[in-house]
Amino acid sequence: MQDKLKVFTWHIHGSYLYYLSQGNYDIYIPTKSERTEGYYGRGETFRFGPNVYEVSAELVKEQEFDIILYQTNKNYLVDQYEILSSEQRRLPKIYIEHDPPRLHPTDTKHILDTPDVTLVHVTHFNSLMWDSNQTPTVVIEHGVTEPDIAYTGELNRGIVVINNLPARGRLLGLDIFMEVRKHVPLDLVGMGTGEMGLGEVLHPHLPKFISQYRFFFNPIRYTSLGLAVCEAMMMGLPVVGLATTELSTVIANGKSGFIHTDIKYLIDKMNFLINHQEAAQNIGECGRAMALSRFNINRFIKDWEHLFNKVVSKRPSGIFISA
């Protein structure tokens with residue numbers, strides 16, 4: 001029996017790492033006692049399986065890996081030189097770009113400009129907007145597991161799930177959230193919500209918590225497609241959001257949810273869902289069918305296993321994971 005592929009990466013986005021860890025490979029993440037970004041270890045929030053291993057940062061150089069997976073500019077520009085050996089830095093490399101470009105929506109160049117790293121965009125919108133230079137790129141769309149909690153929608157309220165919304169401002173739609181909640185009953189959960197929200201709900205408990213709300217509202221102007229949106233759709237929550245970035249390709253307006261750039265339109269549709277629970281249920285079911293087709297975890301893992309195989313196979317002694 002062949003050994004599993006050994007993937008080294010940093011703990012950057014816990015929920016993404018959790019879904020990535022569903023594949024047939026082993027993931028190694030570094031730890032530091034001060035728990036700085038990327039060095040949190042497994043933590044206690046996500047139910048990682050036995051294929052996610054912690055490695056003390058000072059011992060990383062002594063380990064054997066098959067591929068290095070970068071997830072931030074700091075990982076690529078700083079971290080790898082601090083904790084990886086020169087031999088490890090010559091291993092096959094992938095960089096996950098989780099976000100759309102910030103400095104300019106169309107003219108921002110990615111830090112990568114090399115054929116030696118494969119750049120993975122998590123949405124087609126991101127891939128379209130980034131100038132990825134000469135770096136080979138692929139798109140692997142999100143995949144999420146099906147929750148064992150069913151949507152009930154008995155609360156005549158909407159739910160917003162965003163971390164640190166008060167501090168992140170217009171980009172994440174703080175002003176939109178504040179305006180909409182004047183006209184629609186909304187609750188906000190997430191880290192750093194302050195007096196504006198209900199606080200953090202840990203990822204394992206989030207499905208049960210949000211299942212009772214009538215709809216899910218995403219006020220974010222400009223970011224990647226949030227995993228929380230995919231998770232809500234997978235449960236059958238109707239999603240209401242802005243017709244921007246990748247969400248405009250996900251929601252069939254009026255069928256599987258409501259999207260628009262007119263906030264007044266969205267307010268009207270949210271109140272419609274508040275007043276028509278059966279319609280909300282039907283719209284949520286349509287959204288769930290779409291999520292099952294587009295964001296199922298098996299497709300996500302198959303895409304990643306294929307890419308890992310492809311990248312590692314370029315190395316003469318590459319180890320392959322089972323299909």
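The values are calculated or read from the model by the stated rules, or taken from the named source; none is laboratory data. In this text, all values refer to a predicted model and were calculated from it rather than measured experimentally. Here the Cβ positions follow ideal geometry from the backbone for every residue, glycine too, while neighbour counts run over all protein chains shown. Just the protein is used for accessible areas: all its heavy atoms, side chains included, with ligands, DNA and RNA removed. Shrake-Rupley method; radii C 1.70, N 1.55, O 1.52, S 1.80 Å.
Have a look at H306, P207, N282 and report the one farthest towards the positive end of the charge dipole of the stretch 202-323, computed about the Cα centre with Cβ charges (Lys/Arg +1, Asp/Glu -1).
The one lying farthest along the dipole's positive direction is H306.
If the only charges are +1 at each Lys and Arg Cβ and -1 at each Asp and Glu Cβ, what is the size of the charge dipole of the chain around the Cα centre, to the nearest 20 debye?
Computed charge dipole of the chain: roughly 380 debye.
Rounding to the nearest 20 debye, state how big the charge dipole of the stretch 231-280 is about its Cα centre with +1 on each Lys and Arg Cβ and -1 on each Asp and Glu Cβ. List each step's numbers first, then the result.
On the way: 3 positive and 5 negative charges, 20 e Å.
That gives a dipole near 100 debye.
Give the lysines reachable from K109 as a straight Cα distance under 18 Å; neighbours fewer than 8 places away on the same chain don't count.
K74
In whole angstrom, how far apart do the alpha carbon centroids of the stretch 219-263 and the stretch 128-148 sit?
17
Quick one: angle between helix 277-294 and the longest Cα principal axis of the chain, in degrees between 0 and 90, rounded to 10, please.
Helix 277-294 and the main axis of the chain meet at about 20 degrees.
With angles folded into 0 to 90 degrees, how steeply does helix 297-312 sit against the dominant principal axis of the chain? Use alpha carbons for both and round to 10.
That works out to roughly 20 degrees.
Which percent of Cα pairs goes in each bin when the distances of the chain are cut into 10 angstrom slices starting at zero?
6, 25, 33, 23, 11, 2, 0
Straight-line reach only, C-alpha to C-alpha below 17 angstrom: list the lysines that K255 could link to, leaving out same-chain residues fewer than 8 apart.
Of all the lysines, those that pass the test against K255 - Cα under 17 Å, at least 8 places apart if same chain - are K269.
Counting Lys and Arg as +1 and Asp and Glu as -1, what is the net charge of the other residues whose Cβ lies under 15 Å from the Cβ of Y53?
Computed value for this residue: -3.
Would you calculate, for the chain, the mean residue ellipticity at 222 nm contributed by helices, counting each DSSP H stretch of 4 or more residues as -39,500 (n - 2.57) and dividing by all residues, to the nearest 500?
Taking each H run of at least 4 residues, the total per residue is -7500 deg cm²/dmol.
Hey, any idea what Rg/Rh is for the stretch 1-49, computing Rh the Kirkwood way over Cα pairs?
0.99
With the dipole of the stretch 85-198 worked out from charges on the C-beta (+1 for Lys and Arg, -1 for Asp and Glu) around the Cα centre, which of G153, V184, L112 lies farthest toward the positive end?
Final value for the positive-end residue is L112.
Can you give the FRET efficiency for A243 and T114, using 1/(1 + (r/R0)^6), R0 = 56 Å, r = Cβ-Cβ distance, to the nearest 0.05?
For A243 and T114, the calculated efficiency is 0.95.
With all protein chains present, how much of the accessible area of the chain (probe radius 1.4 Å) comes from carbon and sulfur, to the nearest whole percent?
C and S fraction of accessible area: 50 percent.
Rank these by accessible area, largest first, 1.4 Å probe: M235, M191, M196.
On the way: M235 10, M191 85, M196 45 Å².
Result, largest first: M191, M196, M235.
Only Lys, Arg, Asp and Glu count, each charged at its Cβ (+1, +1, -1, -1), so figure out the dipole size of the stretch 21-97 about its Cα centre, rounded to 20 debye.
Computed charge dipole of the stretch 21-97: roughly 140 debye.
List the aspartates and glutamates whose Cα sits under 15 Å from the Cα of K4, skipping any in the same chain fewer than 8 residues away.
Here the aspartates and glutamates satisfying the reach criterion relative to K4 are D26, E64, D66, E305.
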